[in-house]
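The values are calculated or read from the model by the stated rules, or taken from the named source; none is laboratory data. None of these values were measured; they are calculated from a predicted model. Cβ atoms come from the backbone with ideal geometry, glycine included; neighbour counts cover every protein chain shown. Calculation scope for accessible area: heavy atoms of the full protein, side chains included, ligands and nucleic acids excluded. Shrake-Rupley method; radii C 1.70, N 1.55, O 1.52, S 1.80 Å.
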Amino acid sequence: MDRIEREKLIVEKMIRVYCRAHHNVSKGVLCQECEELCRYSHKRLENCPFGNEKSSCRKCKIHCYQPKFKTEIAKVMRYTGPRMIFIDPVSAFRHLWSEMIN
């Protein structure tokens, strides 16, 4: 699995955790707002000009998210980020490692 596909899975997982905690939905279901954010983030990743050589979006020089979505994804990351070590420890470690070497 390449980096883009892995990041799409992780961001979707993070949005699902956030949505379940904040929007009172069942496990595995997204509210309309979170579904839109998930689709948007996948589209941004698919169209990343750096492709699989990309750094984390936080360190990117481009910042391709529209302000509305940038605010929403920041909320998701702020809430879910610290919980990822319990949700998906392998992905959390991979992300920390990537942040240190890039």
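Estimated at 0.36 nm per residue, the fully extended path between N24 and K70 surpasses their Cα-Cα distance by 14.3 nm.
I need to check one value: relative contact order of the chain, counting alpha carbon pairs closer than 8 Å and at least 6 residues apart, in percent. Working shown, then result.
Values: 61 pairs, mean separation 31.7, N = 102.
Here the relative contact order equals 31 percent.
Taking 0.36 nm per residue of sequence separation and subtracting the Cα-Cα distance, how much length would be gained by fully extending the chain between E33 and N47, in nm to one decimal?
Numbers: separation 14, 0.36 × 14 = 5.04 nm, distance 2.13 nm.
Here the answer is 2.9 nm.
The Cys residues in the chain with no partner Cys Cβ within less than 4.7 Å of their Cβ are C31, C38, C48, C57, C60, C64.
Beyond 15 Å, what share of the Cα-Cα pairs of the range 20-61 is found? Please give it as a whole percent.
Looking at the range 20-61, the distances longer than 15 Å represent 54 percent of pairs.
Across the range 55-64, coupling constants 3J(HN,Hα) worked out from phi with the 6.51/-1.76/1.60 Karplus curve, θ = phi - 60°, read 8, 5, 4, 4, 8, 5, 7, 8, 6, 7 Hz, and Gly and Pro carry x. Within the chain, all pairs of alpha-carbon atoms sorted by distance into 5 Å bins from zero give the percentages 2, 12, 24, 27, 22, 11, 3, 0. Helix 32-46 and the longest principal axis of the Cα set of the chain meet at an angle near 10°. Counting only alpha carbon atoms, the long axis of helix 67-80 and the longest principal axis of the chain meet at about 80°.
Number of Lys pairs in the chain with C-alpha atoms less than 14 angstrom apart, excluding same-chain neighbours closer than eight positions?
On the way: K8/K43; K8/K54; K13/K27; K43/K70; K59/K70.
Close lysine pairs under the 14 Å cut-off: 5.
Rolling a 1.4 Å probe over the protein heavy atoms gives the chain an accessible area of 68 Å² per residue.
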